[in-house]
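What follows draws every value from the coordinates through simple rules; no lab data is involved. Only a predicted model underlies this, so the values are computations on that prediction, with no experimental measurement involved. Here Cβ is always computed from backbone atoms with ideal geometry, including for glycine, and neighbour counts include all displayed protein chains.
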Amino acid sequence: MNAPLGDGTRCVHAGSSSPVPGGAVPPQPVLAAQYHLSEQHHLSEGPGPDFYGRAGNPTWRALEDAIGGLDGGSCVVYPSGMAALSSLLRVVLRPGDTVVLPSDGYYLARSYVREHMTGLRVREVATAGEWTAETVAGARLVLLETPSNPGLDVCDIAAIAAPAHAAGALVAVDNTTATPLGQRPLALGADISLASDTKALSGHSDVVLGHTSTTDPELAARLRSERTVSGAVPGPFEVWLAHRGLGTLDLRLARQAENAAALYGVLRGHPRVRSVRWPGSPLDPAHPVASRQMRRFGGVVTFELDSADAVAGFLAASRLVVSATSFGGLHSSADRRARWGDAVPDGTIRFSCGCEDTADLVADVLTALG
C-alpha cells in the first residue's frame, strides 16, 4: 500500500493533469471567453465541452480539483470570499428560514445577511459561546468561523454539527484562517467548507478569490448553476495566480506559524501589550479545542495596545510590518480592526506574520514597541 502523501507534496501536485510530452509542466491559464462550438453544444444537456467563459473554464477546474482534493470535497471557485459566502446563502436560504451566525466572525457576513437578504430570522452566537440543541433549533443553516476573525476564538465543529444535523440544519464553516492544511471541516462533520482564498491559500497579496467545498454532489451542482446564472465568476488569470500560490502553501504556513509562535512568546509578557491570542500556544484558552480539530496552526496573532494612536506609532516605527487589511501574505502586516466596525477595542491589532526570518521579525516588532 502506498503511504499517504505529505502536505507539501499534495500542495505542489494539487490539480495537476497527467503529463503530456511537450506540454507545460505546471497548469497554465486558459483566457478564452469563447470556444469553438459543435452541434453537441446545448445548455440543456448539462456539463460538456466549454462553450462560453461564464459557464466554464479549464483553469477553474484545475484549481477546483486542487482545492477540492485538499478540502476533501467538490470545490466551486468564486471571484471573492464574499461571493462564495453570498452565493451559498442565496442557494440555501429562503424567506422565513433561520440562520445562525457567529457574532464575533467576519463583520461583512452579518452585514450581508441583515442588509441584503430579506425575511430571514437571524440568530447570533459567539464562537466560544455555549452551543446547545436550543442554539441551533429550527435553523436551516449554521455558519461557523473557527478560528474566528479577528478574535481567534475556536469552536468544536464536530460537537456543533451533531445537534445541528439533528435539527435539520446544514453546517458551513468559514475556514479562511485555518486553510485546508490547518483544518478539514468536511471531515469533522460540516456540510460546507468555504474560504477567502485572497488570504493564505493564494498567499501573495495579488489576487482576490474565494471558494466553497462540499461532499454533497447536488449542492455542488446547485452552487455551480447559481454561479453561472448570477455571473459571480472568477477571472481565469486570477484563478491561475491562486493555483500557482497554492503550491507553496505548506512552506509558507510553516514559516508563518514559526513566526507566530515566536511573537506570541515575546508579546505575552510585554508591558505595552494586552490580550495576546494565538490558538497554537498551549497557553491560549482556545488551544484545547484547537489542538483536537486542527492539523496545524497559522500565522495570525491578535493583540491589543492602549489606543489607536499607540497602534499608529507602532506601525510608523516598524521597518518590516506594513499597515494593511487582509492576512496570510508573504509580508507581515497589521490591521487595526476597530476601524472596520468589529466590536473590539480601538487598539486591537490583527497581526499577520509573513515569511520573514523569525529573528528579524521579532527584533523589529520589539523595537517598534519601544
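Below, the figures for the structure above:
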read-out: Lys/Arg +1, Asp/Glu -1 at C-beta; the stretch 249-369 dipole; positive extreme among GLY265, ALA317, ALA343; value: ALA343
read-out: Student exercise, the chain dipole from Lys, Arg, Asp, Glu Cβ charges, in Debye to nearest 20; value: 120
read-out: Which of VAL76, SER213, ALA109, positive extreme of dipole for the chain (C-beta unit charges); value: ALA109
read-out: Whole-number percent relative contact order across the chain, with pairs defined as alpha carbons under 8 Å at least 6 apart; value: 16
read-out: The chain: most fluctuating residue of THR302, THR248, THR127 per GNM, C-alpha cutoff 10 Å; value: THR248
read-out: The chain - mean residue ellipticity at 222 nm from DSSP helices (-39,500 (n - 2.57) per run, n ≥ 4, rounded to 500); value: -10500 deg cm²/dmol
read-out: Rg ratio (alpha-carbon, reference 2.2 N^0.38 Å) - the stretch 275-343; value: 1.26
read-out: Dipole in debye (nearest 20) - the stretch 59-110, about Cα centre, beta carbon charges: Lys, Arg +1; Asp, Glu -1; value: 220
read-out: GNM result for the chain, Cα springs below 10 Å: residue of SER86, SER17, SER202 fluctuating most strongly; value: SER17
read-out: Linear extension gain, ALA159 paired with HIS36, 0.36 nm per residue minus alpha-carbon span; value: 39.3 nm
read-out: Peptides 207-216, 29-38, 288-297 ordered by average Cβ neighbours within 10 Å, highest first; value: 207-216, 288-297, 29-38
read-out: Charged-residue dipole, Cβ positions (Lys, Arg, Asp, Glu), the stretch 249-369 about Cα centre, Debye nearest 20; value: 340
read-out: For the chain, built as a Gaussian network whose Cα springs stay under 10 Å, the top-fluctuating residue of GLU238, GLU115, GLU124; value: GLU115
read-out: Nearest 10 degrees, 0 to 90: helix 217-230 Cα axis against the chain principal axis; value: 90
read-out: Chain lengthening between ARG339 and GLN28 when straightened (0.36 nm per residue, less Cα-Cα); value: 108.0 nm
read-out: Surface/4 estimate of mean projected area, convex hull on alpha-carbon atoms of the stretch 79-172, nm²; value: 5.5
read-out: Crossing angle, helix 58-71 versus the chain [Cα axis fit, 0-90 degrees, rounded to tens]; value: 50
read-out: Burial order of peptide ranges 178-189, 221-232 (average beta-carbon count within 10 Å, highest first); value: 178-189, 221-232
read-out: Gap separating the Cα centres of the stretch 1-32 and the stretch 235-249, nearest whole Å; value: 13
read-out: Diffusion coefficient, µm² s⁻¹, Stokes-Einstein with Kirkwood Rh over alpha-carbon pairs of the chain at 10 °C and 1.306 mPa s; value: 74
read-out: Of every Cα-Cα pair in the stretch 249-369, the percent that sits beyond 18 Å; value: 48
read-out: Net lengthening on full extension, LEU5/HIS270 (0.36 nm per residue, minus Cα-Cα); value: 91.3 nm
